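Q: One structure follows; several queries about it will come next.
No lab work stands behind these numbers, since they all come straight from the coordinates. Keep in mind that what you see is a predicted model, and the values were worked out from it rather than measured. Ideal geometry is used to build each Cβ from the backbone, glycine not excepted, and the neighbour counts take in all protein chains shown.
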Amino acid sequence: MKFIKSLAMLSTLLSFAVAGTFVDDSEIGLRKISVKDENSVTLRDVNYSAQPAGLSTRFDRAFENAPPMIPHDLDGLLPITTELNMCTTCHLPEFANDVGSTPVPKSHLVDLRSGEDNEGVLDGSRYNCVQCHTPQAKVNIAIQNNFKPEFFYKDGNSSSNLMDILNEGVK
Ligand code: HEC
Ligand code: HEC
């Protein structure tokens, strides 16, 4: 009896010792709460650019021919629907000069599947701008990103030339 009791005590002690080597699941994630807990998940209040279009400052491109991020406020410009796409009213080449915006590049006026030039008309595959272009926000990032872009082409940090180089090395 005494032997069984001390055996039970020993196993309790052992399990404590083993448990001590485990990492608690609230220590694994970046949120520092249980990774199984979805109830206390809150979205961070991110600080998107509040400057209206025309008054904002363009961001540098993340890498060569990356879709530029949207530097201006999107209030009143979304959602993009089949009937209304506010983005086109300022970014199509015919309006861009007057409003001081960057016109959509050549790649957006071409059917990339057939290679056919749309003669200045926006390709359907480019209609939903925010599928690729997203607003930039100031956030405290949890993990530092050490990526540093290298720009091969002149002004690659502020302009794109995808259509001119797309077939480089292919033809
Ligand atoms: C009222 C005109 C206007 C509207 C509408 C508008 N923009 Fe802009 N956009 C601008 C101007 C002007 C700039 C240049 C920065 C500035 O002056 O604020 C710009 C800059 C940008 C840039 C950065 C370009 C670069 O060279 O880095 C992107 C991307 C962009 N807009 C995307 C959009 C998208 C997507 C929409 C629709 C959701 C949109 N814009 C709606 C006027 C507009
Ligand atoms: C399928 C993804 C995609 C969609 C949709 C898209 N873009 Fe782009 N956009 C890009 C990429 C990638 C680039 C940079 C490479 C290039 O020149 O094509 C770019 C470049 C641009 C530039 C910079 C042009 C320059 O000369 O530097 C502007 C402005 C722009 N897009 C506006 C828009 C607007 C406005 C829409 C919607 C009408 C739109 N884009 C839809 C991917 C997209």
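Q: For the pair Glu119 and Leu166, how long in nm is the line joining their label points, each one 7 Å along Cα→Cβ?
A: 1.9 nm
Q: Another one. Where the centroid of each part is defined by its Cα atoms, how far is the range 38-92 from the range 97-128 in Å?
A: Taking the Cα centre of each part, the range 38-92 and the range 97-128 sit 19 Å apart.
Q: Could you give each residue of the range 150-159 its phi-based ³J(HN,Hα) in whole Hz, using Karplus coefficients 6.51, -1.76, 1.60 with θ = phi - 60°, and x for Gly or Pro?
A: 10, 9, 6, 9, 4, 6, x, 7, 9, 8
Q: Which three extents, in angstrom, do the Cα atoms of the chain have along their principal axes, listed largest first?
A: So the extents along the principal axes, rounded to whole Å, are 93, 43, 30.
Q: In addition: Pop out the ³J(HN,Hα) list for the range 120-134 in order, Karplus 6.51 cos²θ - 1.76 cosθ + 1.60 with θ = phi - 60°, rounded to Hz; leave Gly and Pro as x.
A: x, 8, 4, 6, x, 5, 10, 5, 8, 3, 6, 5, 10, 9, 10
Q: Using the Kirkwood radius over Cα pairs, work out the Stokes-Einstein diffusion coefficient for the range 101-171 at 25 °C and 0.890 mPa s, in µm²/s as a whole number. Let's see the in-between values first.
A: On the way: Rh = 15.1 Å.
It comes out at roughly 162 µm²/s.
Q: For Ile70, which sequence-distant residues (separation of 5 or more, or a different chain) have an amide H within less than 5 Å of its own amide H, given hydrogens modelled in the peptide plane?
A: Thr134, Gln136
Q: Could you order the peptides 65-76, 39-50 from most to least packed, using the average number of other C-beta atoms within 10 Å per residue?
A: Final packing ranking: 65-76, 39-50.
Q: Another question about this same structure. Angle, helix 2-19 long axis vs. longest principal axis of the chain, Cα atoms, 0 to 90°, nearest 10?
A: 20 degrees
Q: Eight or more residues apart or on different chains, and alpha-carbon atoms under 24 Å: count the Lys pairs in the chain matching that.
A: 5
Q: If the label point is 7 Å along Cα→Cβ of Phe22, which residues in the range 29-52 have backbone nitrogen under 11 Å from it?
A: Answer for the range 29-52: none.
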